[in-house]
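Undergrad: Okay, handing you the structure first.
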2 protein chains.
Amino acid sequence: MACTTARQGYNYTVLLSPQRVIADTNKAIHKILGGELRILKKIREYVVASGGKRIRPLFQYYLGAAYGVDSRTLISLGALIEIVHAASLLHDDVVDNADERRSRPTGAKLFGNKQVVLAGDHLLSSGLKYLSSMNNPAYMQIFTDSIQALTEAELMQMQYHFDLQTSTKIHNAIVDGKTATLFRAAGALVAAHRKSAELYASESARLGLEFGRYFQERDDYLDYFDATRLKKKGLQDFLNGIVTQPLILLLAHVNRHERKFLATEWEYARRHGKIQSEAGILSLMKKYTIQAFFAGELAERQTALLAGLAQLPEKRPREIIKAEFEKILAVRTL
Amino acid sequence: MACTTARQGYNYTVLLSPQRVIADTNKAIHKILGGELRILKKIREYVVASGGKRIRPLFQYYLGAAYGVDSRTLISLGALIEIVHAASLLHDDVVDNADERRSRPTGAKLFGNKQVVLAGDHLLSSGLKYLSSMNNPAYMQIFTDSIQALTEAELMQMQYHFDLQTSTKIHNAIVDGKTATLFRAAGALVAAHRKSAELYASESARLGLEFGRYFQERDDYLDYFDATRLKKKGLQDFLNGIVTQPLILLLAHVNRHERKFLATEWEYARRHGKIQSEAGILSLMKKYTIQAFFAGELAERQTALLAGLAQLPEKRPREIIKAEFEKILAVRTL
């Protein structure tokens, strides 16, 4: 299906612009998610309209192009990754009664629990069906591995929900599963397309994994220290009972009295679905210079990433991925 | 994983007993659903413990054996079908707030919405990952087709929820998608294993489809006319806003006054989550002899099925599948 458009529209010597990648990804998503049922059209429109920055398809496209993979394949693979991502977001949006008093996530607000689940299932099953028609066992392996890792990370996050004891190890496992997995998959798909036997150990997969980790940790940083850049309210992770790096770092430094304060705040958020003293939490972050420390960690990771990008074989995609990376993630101005 | 057990335990000349098929299917399910996380163990135990009659794996086993497929393959495929079925039941258990006052389904009662969704995702993703490792594109195609058909049928059922206008055509499409799909898949998998080019057009797939249709319609029959045999309360479909064959038949016969009565009952069930006058509905069924008419339809289908089973190539499995079919579905004593 995507093939037809691709054959009609792509000149294999020309690298697509980011705008074109996004537009073509949307078209591919529209085609993969078929079905004439009223409710299917609604889901399709929602997924195409709520597209966000399409960072995953952009990453897939320029990373693959840097290794000489053709546009047609990359647009299809990027659309499939975006579909899996959207399905995971929808299922993450399902709420329990206990969570009703929190700010309801977009999906559940629009559709209601039941439709959100089935909408996610529809995305996943249509994506898998299309993938199966591509008849490439390595692609299938990468996608089934990724979907499993995503789900396991969601379950792990649920098990450690509002658990202030969450360790760095558990936190890292959740970040890897929930976010880095799909970026690593983008890199592994490039390796698979080039018939490399090393899928996850390939250079492109390792670059994807590091990119994904950086992407998530940067989000965790902004949530505490510059939420306006994410266009949302700050301390959402604290509010939602998710332990991230800034909180782990802080807990390692505070005295017993301050730890008790944080535990009380945490319990208040769990019970009431709002934060009692944002200023109190942030002043502790300031006291122990968590922002500067975490920013330093991120800067190191960023340097390693840029060094990795500088190794990409093709100059044009390498420059675009770097420019896009700097623009979207704003690494310079962190 | 299942392979090791299989190589150890199976004698290829011996047909397994139904008890053994169920026990081995449970073992295979346990192995496919790996993971050490506390919550994963809980899901695994739930799925193995709540197994029900395992009609799908039994059907897979004896149908496949009748075509000479080996036990090892059939146990794995049957376990995968059961896993997809269990995932679909779990996602079907997710409830909206509006539905809270109804009798809550088992899954949602035990786990809560959020866990139910992720538990279903875990089943599906683990099953797909295992399937991908089997490295058979035809199996993969059949499973992705089936999962998509299941989801589309769930969405269709949601769109026609409490819609008294639901036509026979829509009803049949829902039955095919929700129930017959996985029985058809069992038959198609047998054809795929035998390297037949005809997956869904094969004799075994067509037999599976008819079996699945019969199985569901029989459930719909019992829900109105002999619910004790299903070990549950009757008229659950009416209560849950699902139009099935008895109601379609009845609506085609009633006069304007009676139709209004049914519409009022229907609206009462929708609003209050209970049935106002079970006796009133059943006495209309009696007046228009819906039970006898529908029983006649089912008997015809049963005759066709038994004729199909009589054609199976291997005598032993053919006899067992017929005996099991008669025992589990109790066709003779309908």
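Every read-out reported here was derived from the displayed coordinates using simple, explicitly stated rules and does not represent laboratory data. Quantities reported herein were computed from a predicted structural model and do not represent experimental measurements. In this analysis, Cβ positions are derived from the backbone assuming ideal geometry, glycine residues included, and neighbour counts consider all displayed protein chains.
Undergrad: Please give the FRET efficiency for B:K41 paired with B:V14, using the beta carbon to beta carbon distance and R0 = 22 Å, rounded to the nearest 0.05.
TA: Here the calculated transfer efficiency is 0.10.
Undergrad: Decide, for the stretch A:128-224, between rounded, prolate and oblate: order the square roots of the alpha carbon gyration tensor eigenvalues as a ≥ b ≥ c, take rounded if a/c falls under 1.5, and otherwise choose prolate if a/b is larger than b/c, else oblate.
TA: Verdict is prolate for the stretch A:128-224.
Undergrad: Determine the relative contact order of chain A: mean sequence separation of Cα pairs under 8 Å and six or more apart, normalised by residue count, in whole percent.
TA: 17 percent.
Undergrad: Under 10 Å, Cα contacts only: if you run a Gaussian network model on chain B, which one of B:G52, B:G296, B:G234 comes out with the highest mean-square fluctuation?
TA: Residue with maximal mean-square fluctuation among B:G52, B:G296, B:G234: B:G52.
Undergrad: Is there a pair in A:K169/B:K42; A:K42/B:K114; A:K233/A:K286; A:K53/B:K114 whose C-alpha atoms are over 21 Å apart, and which pairs would that be?
TA: A:K169/B:K42; A:K42/B:K114; A:K53/B:K114
Undergrad: Moving to a separate point now. Relative to the present Cα-Cα distance, how much length would full extension add between B:K53 and B:A304 at 0.36 nm per residue of separation?
TA: 88.0 nm
Undergrad: Compute the distance from the alpha-carbon center of the stretch B:263-300 to that of the stretch B:130-163, in whole Å.
TA: 31 Å
Undergrad: With each label point set 7 Å from Cα along the Cα-Cβ vector, what nm distance links B:D70 and A:N240?
TA: For the pair B:D70/A:N240, the computed spacing is 4.8 nm.
Undergrad: I'd like to know which of B:F325, A:Q311, B:A295 lies farthest towards the positive end of the charge dipole of the protein assembly as shown, counting +1 on Cβ of Lys and Arg and -1 on Cβ of Asp and Glu.
TA: Final value for the positive-end residue is B:A295.
Undergrad: While we're looking at this one, here's another question. Among B:T244, B:L284, B:Y62, whose Cα sits farthest toward the positive end of the charge dipole of chain B (+1 at Cβ of Lys/Arg, -1 at Cβ of Asp/Glu, about the Cα centre)?
TA: Checking the options against the dipole of chain B, the answer is B:Y62.
Undergrad: Additional query: Under a cut-off of 12 Å between alpha-carbon atoms, report the aspartates and glutamates in cross-link reach of B:K232, not counting same-chain residues fewer than 8 places apart.
TA: B:D219, B:D223
Undergrad: Between B:R316 and A:A23, what's the calculated FRET efficiency when r is the beta-carbon distance and R0 is 51 Å? Round to 0.05.
TA: 0.30
Undergrad: Okay, next question. Averaged across the residues of A:140-147, what count of C-beta atoms belonging to other chains lies within 10 Å of each residue's C-beta?
TA: Per-residue shielding by partner chains comes out at 5.
Undergrad: When a footprinting reagent is the concern and you count Cβ atoms within 10 Å, what order do B:V175, B:V116 take, fewest first?
TA: Final ranking by Cβ density, sparse to dense: B:V175, B:V116.
Undergrad: Another question about this same structure. Quick one: putting +1 on the C-beta of Lys and Arg, -1 on the C-beta of Asp and Glu, what dipole do you get for the stretch B:151-334 around its Cα centre, in Debye to the nearest 20?
TA: The calculation lands at about 280 debye.
Undergrad: A follow-up question, please. So if we plug the beta-carbon distance of B:M134 and A:A227 into 1/(1 + (r/R0)^6) with R0 = 51 Å, what FRET efficiency do we get, rounded to 0.05?
TA: With R0 = 51 Å, the Cβ-Cβ based efficiency is 0.65.
Undergrad: Here is a further query. Could you name the aspartates and glutamates in cross-link range of B:K287, using Cα to Cα under 13 Å and dropping any fewer than eight places away on the same chain?
TA: Partners within reach: B:E258.
Undergrad: What nm value, rounded to one decimal, do you get for the distance between A:A201 and A:A263 when each label is placed 7 Å out toward the C-beta?
TA: 4.6 nm
Undergrad: Then there's this: Within straight cross-link reach of B:K41, meaning Cα distance under 16 Å, which lysines are found once same-chain residues fewer than 8 apart are removed?
TA: Partners within reach: B:K27, B:K31.
Undergrad: Could you go through the stretch A:135-142 in sequence order and give the Karplus-derived ³J(HN,Hα) for each residue, using 6.51 cos²θ - 1.76 cosθ + 1.60 with θ = phi - 60°, rounded to whole Hz, and x for Gly and Pro?
TA: Calculated HN-Hα couplings, in order: 6, 10, x, 5, 4, 4, 4, 5 Hz.
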